[in-house]
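Structure first, then comments.
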Amino acid sequence: MKKILALGLLCFGIAVAEKMGGLDIGAAVPNFQLTNQDNQATQFKAFRGKVVVLSFLFTQCPDPSKCPMLSAKLSKLQELTAQMEGNRVELVSITLDPKNDTPEVLKAYAQGHKAKNWTFLTGKPNDILKVAGLFGEMYYDERGTVVHNTRTSIIDTQGKLRRVFTDNDWKMTEMAGAIRQLLD
């Protein structure tokens, strides 16, 4: 029964991503609202004027090659971008496990990663599913654990999608170069 439910959720996630078509490179990211780690409503349009590095993760991820690796890379990236351009780059990580990743949990996670110019977002499951679909992030719950692909997107200062990295195999120099190009 659980496998059927998990398969149904995966198909639903794929259907949402296909229905929404995902965003093409160069497309404007529509405004959406979720809740940040300080329990404040946060609209995506608040990041206009900054290059945004947007990712999806969850704090209890058991796979070291997924969220823990992504978080470690983003921690290093935030240090690098602070040296490059200070407040003109914002990291945004959206949880795929809103049931467990409350604003309080995300705040502790952010503090553990010394987050600066790094916003962690949560919200209602359907809202997160819609946003994930915009970026081609697919996920489902399998026996209490979220299974997902890994995508990190770069959005320019005008709110347009400029690049999508799949998996965690992106190199720091490649990511920093893409950010630098959008800042120039």
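The values are calculated or read from the model by the stated rules, or taken from the named source; none is laboratory data. Given the structure is predicted, the values throughout are model-derived calculations rather than measurements. Cβ coordinates were reconstructed from backbone atoms using ideal geometry, including for glycine residues, and neighbour counts include every protein chain displayed.
General remarks:
- Residues of the stretch 164-183 that are touching a residue at least 60 places away in the same chain (Cβ under 8 Å) and under 21 Å from ARG48 (Cα atoms): VAL164, MET175, ALA176, ILE179, ARG180, LEU182, LEU183.
- Of LEU129, LEU161, all but one fail to be buried (at least 17 other Cβ atoms within 10 Å of the Cβ), touching a residue at least 60 places away in the same chain (Cβ under 8 Å) and either in contact with a Ser or Thr (Cβ under 8 Å, 6 or more places away or on another chain) or of a type in the set (Val, Ile, Thr) (or both); the exception is LEU161.
- The listed residue being among the acidic types (Asp, Glu) and in contact (Cβ under 8 Å) with a residue 60 or more places away in the chain, out of ASP101, ASP141, ASP63: ASP141
Condition check ((1) modelled with pLDDT under 90; (2) in contact with a Phe, Trp or Tyr (Cβ under 9 Å, 6 or more places away or on another chain)) across all residues:
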{"residue": "SER71", "(1), (2)": "no, yes"}
{"residue": "GLN83", "(1), (2)": "yes, no"}
{"residue": "ASN100", "(1), (2)": "no, yes"}
{"residue": "LYS116", "(1), (2)": "yes, no"}
{"residue": "VAL147", "(1), (2)": "yes, yes"}
{"residue": "LYS160", "(1), (2)": "no, no"}
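- Any hit, the stretch 17-30, residues being modelled with pLDDT of 90 or more and not in a loop (DSSP other than H, G, I, E, B): yes
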